[in-house]
Amino acid sequence: MISGILLIVLLASFAVLWAWAWSERRRQSFSEAALMPLREDDTAGVGKS
């Protein structure tokens, strides 16, 4: 009984998370975040001795 309820809760959570991640509203922010490691950092090494 508990395992069935847990399965339904986890499946519903997965579906909601999947829908949120693939929504059009999130596409631009995820695209920007994906490019962050590739950007040149002008402040690299500043303050290091």
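The values are calculated or read from the model by the stated rules, or taken from the named source; none is laboratory data. From a predicted model like this one, the values you see are computed outputs, not experimental measurements. We place every Cβ from the backbone using ideal geometry, glycine too, and count neighbours over all the protein chains shown.
Yes/no matrix, rows are residues, columns are (1) at pLDDT 95 or above; (2) loosely packed, with under 10 Cβ neighbours inside 10 Å:
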{"site": "LEU7", "(1), (2)": "yes, no"}
{"site": "ALA21", "(1), (2)": "no, no"}
{"site": "SER29", "(1), (2)": "no, yes"}
{"site": "ALA34", "(1), (2)": "no, yes"}
{"site": "THR43", "(1), (2)": "no, yes"}
{"site": "SER49", "(1), (2)": "no, yes"}
Going by the structure shown, is SER13 out of contact with any Asp or Glu (no Cβ under 9 Å at 6 or more places or on another chain), modelled with pLDDT of 95 or more and among the polar types (S, T, N, Q)? yes
